[in-house]
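Presented below is the structure to which this report refers.
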Amino acid sequence: MRAWLALIAFAILSGSAHAGDISSAYTDLDWKKDCVTYAQSEEGDGDWASLACAGYRGYPVLIGYDDARESVYYGFPSDDMTAIWESFSGLNTAGPKVEWRIETNGDKAVPFAVI
């Protein structure tokens, strides 16, 4: 009897949640050619800049640079970029390639993570 209940429960649970197909897409990240600087420090006002870069199918890569540290944000921020600053370790830079994790449902492909 328990075996039947377990089998029925498994069948119900396995059919209830179906995720879309998961895949990867890669984009280059070269701030000299793929990015636009939209804010930067004035002469004598420190060393910082904010850049918007091309990402996956219209999703931007936003880079905040400050004193030899970078903070990278992928997608569309809902708030001021200074509120979401999260840097790598000291004296760092983002790599030249971004791996986007994509979920596809029908004809809609939406990035949900980056590596």
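Observations, loosely collected:
- Only residues that are in contact with a Lys or Arg (Cβ under 9 Å, 6 or more places away or on another chain) and of a type in the set (Asp, Glu) were counted in the range 18-66, giving 1.
- Residue that is farthest from Ala25 (Cα to Cα), among those in the range 46-71 that are among the hydrophobic types (A, V, I, L, M, F, W, C) and assigned to a strand (DSSP E or B): Trp48
- Residue in the range 93-113 that is surrounded by 13 or more Cβ atoms within 10 Å (Cβ to Cβ), polar (S, T, N, Q) and not in a strand (DSSP E or B) present: yes
- Ser23 surrounded by 11 or more Cβ atoms within 10 Å (Cβ to Cβ), touching an Asp or Glu at 6+ places or on another chain (Cβ under 6 Å) and either at pLDDT 80 or above or not in a loop (DSSP other than H, G, I, E, B) (or both): no
- One residue stands out in the range 89-107 among those that are acidic (Asp, Glu) and touching a residue at least 12 places away in the same chain (Cβ under 8 Å): the one that is nearest to Leu29 (Cα to Cα), namely Glu99.
The values are calculated or read from the model by the stated rules, or taken from the named source; none is laboratory data. The structure displayed is predicted, hence computed values, not measured ones. As a convention, Cβ positions derive from the backbone with ideal geometry for all residues, glycine included, and neighbour counts pool all protein chains shown.
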